[in-house]
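These notes concern the structure reproduced below.
The values are calculated or read from the model by the stated rules, or taken from the named source; none is laboratory data. Just so it is clear, the model here is predicted, and its values are computed rather than measured. So basically every Cβ, Gly included, is an ideal-geometry build from the backbone, and we count neighbours across all protein chains shown. Side chains included, ligands, DNA and RNA excluded: accessible areas come from the protein's heavy atoms. Shrake-Rupley method; radii C 1.70, N 1.55, O 1.52, S 1.80 Å.
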Amino acid sequence: MSNELPQDPSLPVVDFASFGDGTSSDALETGKRLLQACKDVGFAYLINTGISQAQADDMLTWSRKFFSLPPDIKQLAPHPKEGWKQRGYSGIGVEQLSQMVFDPNELAAIRKNAPDFKESFDLGRADSPHLENIWLPEEHLPGFREAALSFYYACQSFQIEKLLKALSLGLGLPADYLAQFHRNGDNQLRLLHYPAAPAEVFSRGEKGRAKAHTDFGTATILFQDNVSGLEVESPSGSGQFILVPPIPGAIVFNVADILMRWSNDTLKSTLHRVSALVPQDGTGMIQERYSIPFFMGPDVNALIDCLPGCSNENRPKKYEPITAAAYIDMRLNATYV
Ligand SMILES: O=C(O)CCC(=O)C(=O)O
Ligand SMILES: [Fe+2]
């Protein structure tokens, strides 16, 4: 796999080339480096993960094919109404507004309410007892199901065999420590498509790509096509956002909210967003963008209690233990009030 690393990448780079099965001193070094990135920024570029750029490109090509299908076909795999059932196809938010709003207050209200201008398809493991995948009838896109599941399992293998081990080692814990809370594979692969649109609909705030947010689960890895847009809040505390452009061969990693709580806020779940960047091609159009996050979550019955080594006299435990299920319920209730 080729890594054309820029001179001064905007995030720390963590190299898994010599991680092996997580037992060597090199593996410990990788874990420490990853942990430092989690403390400093909450984000990193990962290279030599074992998931090749060719695999990611192949999945991005499937994603393009999927989203190019007619809307009524995509609707044959509809996302359930219950927001927590993260499976199947979600269409682009219904357009809410006229192009002719100039009142600043009205515009501010619209900006706040404008749905993200994107469509998505979610899937998980094939054998979940409580959350089944929702597929298109196979004849509409033969091979899609198999390709998507195989990519899902490639991400999960990296998660279990390397990433959670590296995090555990970095935290000074046995390599398999975090994996024991991730036995059921409650993860989610999301194909995302941000359609092209004229630049002014973004600059006027009528459409956005993804508003600033943190992710819910343990951690996320993200594959992007070659259209930039992901931005991460600067650790300087200035409130500014740093562009995280795609680097061929590199995967973007971030800590999510459960891991931040679990680590007594030692590791950071950092705000990030997707902006519509105006290309310098004079067309005035914002290019479409495809990305694929893999959201990792602990088993629903896992007890999220301060990890060993993350609290002491000077840094007392901030949070009560909570099961992952109760935590997620709490967050969803806060979102949909
Ligand atoms: O599309 C991207 O690059 C990031 C998406 C994201 O942050 C999310 O879906 O949580
Ligand atoms: Fe995110």
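Numbers at a glance
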read-out	value
For segment 13-333, with +1 on Lys and Arg beta carbons and -1 on Asp and Glu, the positive-most of Ser68, Leu136, Gly91 along the dipole	Gly91
DSSP loop chymotrypsin sites (Phe, Trp or Tyr not before Pro) with at most 12 other Cβ within 10 Å: longest gap in the chain	103-335
Euclidean distance of C-alpha centroids, segment 10-77 and segment 274-323, integer Å	14
Rounded to whole Hz, the Karplus (6.51, -1.76, 1.60) HN-Hα couplings of segment 158-165, x for glycine and proline	4, 4, 7, 7, 10, 5, 5, 5
Solvent-accessible area, 1.4 Å probe, carbon plus sulfur percent, for the chain	52
Probe 1.4 Å, all protein chains present, accessible-area order of His130, His193, largest first	His130, His193
Under the Karplus curve 6.51 cos²θ - 1.76 cosθ + 1.60, θ = phi - 60°, whole-Hz ³J(HN,Hα) for segment 171-182, x wherever Gly or Pro sits	7, x, 10, x, 3, 8, 4, 6, 4, 5, 9, 10
Table column - 3J(HN,Hα) (Hz), segment 209-220, Karplus curve with 6.51, -1.76, 1.60, x for Gly and Pro	8, 9, 5, 4, 7, 10, 8, 7, x, 7, 6, 9
Accessible surface, 1.4 Å probe, highest first, among residues Met59, Met330	Met330, Met59
For the chain: span of alpha carbons on each principal axis (Å, largest first)	58, 49, 44
Two-site FRET efficiency, Tyr153 against Ser311, from Cβ-Cβ distance with R₀ of 35 Å, rounded to 0.05	0.50
Within the chain: Cβ-based charge dipole about Cα centre, in debye rounded to nearest 20 (Lys, Arg +1; Asp, Glu -1)	520
Given the chain, longest segment not containing exposed loop GluC sites (Glu not before Pro) (DSSP; at most 16 other Cβ within 10 Å)	133-287
Span from the segment 214-266 Cα centroid across to the segment 169-189 one, whole angstrom	19
Degrees between helix 324-335 axis and first principal axis of the chain (Cα, 0 to 90, nearest 10)	30
Which listed pairs, of Lys39/Lys165; Lys162/Lys207; Lys118/Lys165, have C-alpha distances above 26 Å, in listed order	Lys162/Lys207; Lys118/Lys165
Residues whose placed amide H lies under 5 Å from that of Phe241, excluding near-sequence neighbours	Ser234
Distant-in-sequence amide H partners of Ile304 (H built 1.01 Å from N, under 5 Å)	Ile322, Thr323, Ala324
